[in-house]
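The values are calculated or read from the model by the stated rules, or taken from the named source; none is laboratory data. Model, not experiment: these values are computed from the prediction. With ideal geometry, Cβ positions are generated from the backbone for all residues, glycine too; neighbour counts draw on all protein chains shown.
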Amino acid sequence: MEEPECVAVLSITGSLLQDVSMGSCLVLKRHWQPPDIDEVKANVDGSWIPGLDKMSGEGVVRCRLWKWISGFSCLWGRGNELMAELLAIEAGLKHVWE
C-alpha cells in the first residue's frame, strides 16, 4: 500500500490550519474562516498551463456572512506556477485596496 502524499497548508499569516492525522503523515485540511466583524476576506488562486505557457488568476471578496462582495479574473502571458500564484495575490490586494 502506498503512503499518502504529505501536504502542509499554511495560511498567509503562517498559522497552521486544521490538522488531521493520516497514519505516519500529517495532512492539513483547509476550511474557509470568516473575517472579523467589519472586515472582508479575499481568496485568490493563480494557475499556469505549461503546454501553452499561459498564466491566469482569479479571486473573490466576501464578508463575514459569506456574501459575495466582488470578484476579479486576470490573464497574464508567459511565466510559471509560482509567478501565477504571486500575481494572483498582488491582483487580489490591488482589487481590495482600490
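With respect to (1) out of contact with any Asp or Glu (no Cβ under 8 Å at 6 or more places or on another chain); (2) surrounded by 15 or more Cβ atoms within 10 Å (Cβ to Cβ), the lone exception for GLU85 is condition (1). Would you confirm whether any residue within the range 73-84 is touching a Cys at 6+ places or on another chain (Cβ under 9 Å) and in a strand (DSSP E or B)? Within the range 73-84, not a single residue is touching a Cys at 6+ places or on another chain (Cβ under 9 Å) and in a strand (DSSP E or B).
When residues in the range 85-98 are screened for being closer than 11 Å to GLY46 by Cβ and in a loop (DSSP other than H, G, I, E, B), 0 of them pass. If you go through the range 59-89 and keep only what is under 17 Å from the mean Cα position of the chain (by Cα) and not hydrophobic (A, V, I, L, M, F, W, C), you end up with GLY59, ARG62, SER70, GLY71, SER73, ASN80, GLU81, GLU85. Of the set (1) among the β-branched types (Val, Ile, Thr); (2) at pLDDT below 90; (3) outside any loop (DSSP other than H, G, I, E, B), all apply to THR13 but (3). Total residues in the range 38-69 satisfying the condition of being more than 15 Å from ALA84 (Cα to Cα), part of a strand (DSSP E or B), free of Cβ contacts under 8 Å to residues at least 40 places away in the same chain and of a type in the set (A, V, I, L, M, F, W, C): the figure is 4.
Among the residues of the range 38-52, those identified as over 18 Å from TRP97 (Cα atoms) and either surrounded by fewer than 10 Cβ atoms within 10 Å (Cβ to Cβ) or modelled with pLDDT under 85 (or both) are PRO50, GLY51, LEU52.
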